[in-house]
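The values are calculated or read from the model by the stated rules, or taken from the named source; none is laboratory data. All values derive from a computational prediction rather than experimental measurement. FYI the Cβ positions are ideal-geometry reconstructions off the backbone, even for glycines, and counts take in every protein chain you see.
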Amino acid sequence: MEIKKTEKNLEIMKTMLKYFLLNGVVCCILKSGVLAATLPHLPEAEFADTTVFPDDDRSALTWRSRFATVAPVLYNFWSSGDEVLEIATTDINLTSGIEWDWSFNDSLINARRFVWHKQALFKGRSWLYGTRWAGWGFWEKMLPLIGKFYSLEEANALDDDTLRVEPVFRHNPGAMFSSNIVESEQNNLLARGIPELSHPIGYTNIVSMPSTHNIDMHTSLRREDKTWPQRDIDFNDKGQRPNRWLHTDLINLPHYFTHKLYRQLVIQGDMR
């Protein structure tokens with residue numbers, strides 16, 4: 001979910017009493033700008049800080065403080081059972097998390113697990129499985145006869161003046177290299193070209209938030225009798241996490257299973 005920082009929306013957010021975030025896919029960065037939890041398996045090369053461009057719109061191409069306006073009134077409804085936003089604890093590749101259920105007449109294959117983690121790592125890597133926008137793709141690796149292919153150490157050692165003229169990551173799309181980037185393009189670049197460095201907020205227990213503002217649907221909003229629908233593919237981690245509250249359960253499951261969530265929304269939103 002994205003809150004566009006238009007002048008009108010900023011005025012609305014100033015008067016907003018409460019903001020509910022459900023299955024939030026944006027990366028989790030605290031109000032102070034610090035990463036809430038560093039995303040594992042990132043390439044060793046660090047991103048050039050956006051302060052390299054202090055006087056133009058490229059300084060806005062960062063996730064830090066992007067949602068600081070709503071932080072004080074944010075209610076984060078997340079799920080520790082979410083399979084789409086789940087972060088892999090071991091090395092990850094294209095086939096990681098793919099699960100299947102074979103039967104005599106049919107077979108089910110589900111590739112939803114670790115989808116968010118994969119997109120963050122594969123930005124800029126390839127048009128086959130990621131994007132061709134900036135990301136983690138080195139420009140010179142794609143066009144070795146045009147310029148120098150930096151090692152990780154060399155890329156991290158470049159000074160600001162060099163980075164302004166010759167960024168080491170993919171020079172695509174061209175809008176990223178303009179000093180004047182319209183807001184809609186900024187949002188598009190963040191989504192497709194700027195990798196996240198921390199966990200998604202929809203899979204994160206934000207310990208700095210009050211417990212009443214940080215609700216794990218998987219552990220606290222299920223039925224008291226723990227009744228839950230049986231699935232052919234339930235991502236149960238070999239029995240360790242059976243019957244998980246998955247990414248789309250809040251809209252796909254009957255009210256019988258999820259009524260505590262909607263009751264909580266009514267209570268916290270003062271809608272009774």
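Among the residues that make up segment 150-158, is at least one of them crowded, with 16+ Cβ neighbours inside 10 Å, at pLDDT below 80, in a loop (DSSP other than H, G, I, E, B) and not hydrophobic (A, V, I, L, M, F, W, C)? There is at least one residue in segment 150-158 that is crowded, with 16+ Cβ neighbours inside 10 Å, at pLDDT below 80, in a loop (DSSP other than H, G, I, E, B) and not hydrophobic (A, V, I, L, M, F, W, C).
Scanning segment 206-216 for residues that are within 17 Å of Glu83 (Cβ to Cβ) and either in contact with a helix residue (DSSP H, G or I) (Cβ under 7 Å, 6 or more places away or on another chain) or not in a strand (DSSP E or B) (or both) yields nothing.
Here is a yes/no grid of residues against (1) surrounded by 12 or more Cβ atoms within 10 Å (Cβ to Cβ); (2) touching a strand residue (DSSP E or B) at 6+ places or on another chain (Cβ under 6 Å); (3) among the charged types (D, E, K, R); (4) closer than 20 Å to Cys27 by Cα:
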{"position": "Val207", "(1), (2), (3), (4)": "no, no, no, yes"}
{"position": "Ser211", "(1), (2), (3), (4)": "no, no, no, yes"}
{"position": "Leu221", "(1), (2), (3), (4)": "yes, no, no, no"}
{"position": "Trp228", "(1), (2), (3), (4)": "yes, no, no, no"}
{"position": "Arg244", "(1), (2), (3), (4)": "yes, no, yes, no"}
{"position": "Gln264", "(1), (2), (3), (4)": "yes, no, no, no"}
{"position": "Ile267", "(1), (2), (3), (4)": "no, no, no, no"}
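Of the residues making up segment 29-86, those that are under 25 Å from Leu163 (Cβ atoms), modelled with pLDDT of 80 or more, of a type outside the set (Ser, Thr, Tyr) and in a helix (DSSP H, G or I) number 3.
Being part of a helix (DSSP H, G or I), surrounded by 12 or more Cβ atoms within 10 Å (Cβ to Cβ) and out of contact with any helix residue (DSSP H, G or I) (no Cβ under 6 Å at 6 or more places or on another chain): is that true of Asn172 here?
Numbers: part of a helix (DSSP H, G or I): no; surrounded by 12 or more Cβ atoms within 10 Å (Cβ to Cβ): yes; out of contact with any helix residue (DSSP H, G or I) (no Cβ under 6 Å at 6 or more places or on another chain): yes.
No.
The residue that is nearest to Arg113 (Cα to Cα), counting only those in segment 217-237 that are polar (S, T, N, Q) and outside any loop (DSSP other than H, G, I, E, B), is Thr219.
Would you pick out the residues in segment 238-257 that are on the phi < 0 side of the Ramachandran plot and in a loop (DSSP other than H, G, I, E, B)?
Gln240, Arg241, Pro242, Arg244, Trp245, Leu246, His247, Thr248, Leu253, Pro254
Annotation note: Cβ proximity below 9 Å between a residue of segment 57-70 that is under 14 Å from Ser198 (Cα atoms) and a residue that is of a type in the set (Ser, Thr, Tyr) (sequence gap 6+ or interchain) occurs for Thr62/Thr50; Trp63/Ser198; Arg64/Thr50; Ser65/Ser32. In segment 223-272, what count of residues is obtained for those that are in contact (Cβ under 8 Å) with a residue 12 or more places away in the chain, of a type in the set (Lys, Arg) and within 29 Å of Leu17 (Cβ to Cβ)? Going through segment 223-272 one residue at a time, the tally reaches 1.
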